[in-house]
Amino acid sequence: MTVPGTGHQDPSAEVLAEAAAAFGLLASPARLHIVWALTQGESDVTGLAERVGGALPAVSQHLTKLRLAGLVRSRREGRRQVYFVDTAEQAALVDVVHRVVGRLAEREAPAAAPARRLHGL
């Protein structure tokens with residue numbers, strides 16, 4: 001449907017459902033932490049598990065879901081699978097994650113408080 005007076009077309013129900021699914025994946029603190037970490041630079045699953053304080057199998061499962069949804073990508077380097085956020089394809093989403101999480105972290109950290117680990121990983 002075209003929005004009256006704007007000339008803009010509303011997205012289809014399928015597009016909205018796909019977007020809702022992507023945002024639903026990011027509603028998990030663990031997955032959000034993983035995407036946040038990958039906005040800082042690429043990593044393998046071991047490095048991510050150490051960074052977010054999660055068990056290796058759990059982080060691997062989260063990465064699989066994020067990759068299938070197109071929120072993160074991976075490439076093979078020898079025997080390692082390296083994960084990254086494709087900023088060309090996901091620039092807007094990565095920017096939202098970076099801004100929201102960054103602002104909340106700045107607001108929470110009065111004076112270099114120690115980082116809290118996520119529970120449930």
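Each residue was assigned an accessible area with a 1.4 Å probe, and for residue 68 the value is about 140 Å². Remark: accessible surface ordering of 23, 84 (largest first) is 23, 84, probe radius 1.4 Å. Taken along the Cα-to-beta-carbon direction at a fixed 7 Å, the label points for residue 104 and residue 65 span 1.6 nm.
Ligands, DNA and RNA left out, the accessible area of region 14-94 computed with a 1.4 Å probe is 55% carbon and sulfur. For region 45-62, the Karplus equation 6.51 cos²θ - 1.76 cosθ + 1.60, evaluated at θ = phi - 60°, returns couplings of 5, 5, x, 5, 4, 5, 5, 8, x, x, 6, 3, x, 5, 5, 4, 5, 4 Hz by residue, with Gly and Pro reported as x.
For residue 80, the solvent-accessible surface computed with a 1.4 Å probe is close to 110 Å², ligands and nucleic acids excluded. The alpha-carbon atoms of region 1-79, seen along their principal axes, cover 53, 26, 20 angstrom, with the largest extent given first.
When nucleic acids and ligands are ignored and a 1.4 Å probe is applied, residue 8 ends up with an accessible area of around 120 Å².
The values are calculated or read from the model by the stated rules, or taken from the named source; none is laboratory data. No experiment lies behind these values; they were computed from the predicted model shown. Here Cβ is always computed from backbone atoms with ideal geometry, including for glycine, and neighbour counts include all displayed protein chains. In case anyone asks, the SASA skips ligands and DNA or RNA and just uses the protein heavy atoms, side chains included. Shrake-Rupley method; radii C 1.70, N 1.55, O 1.52, S 1.80 Å.
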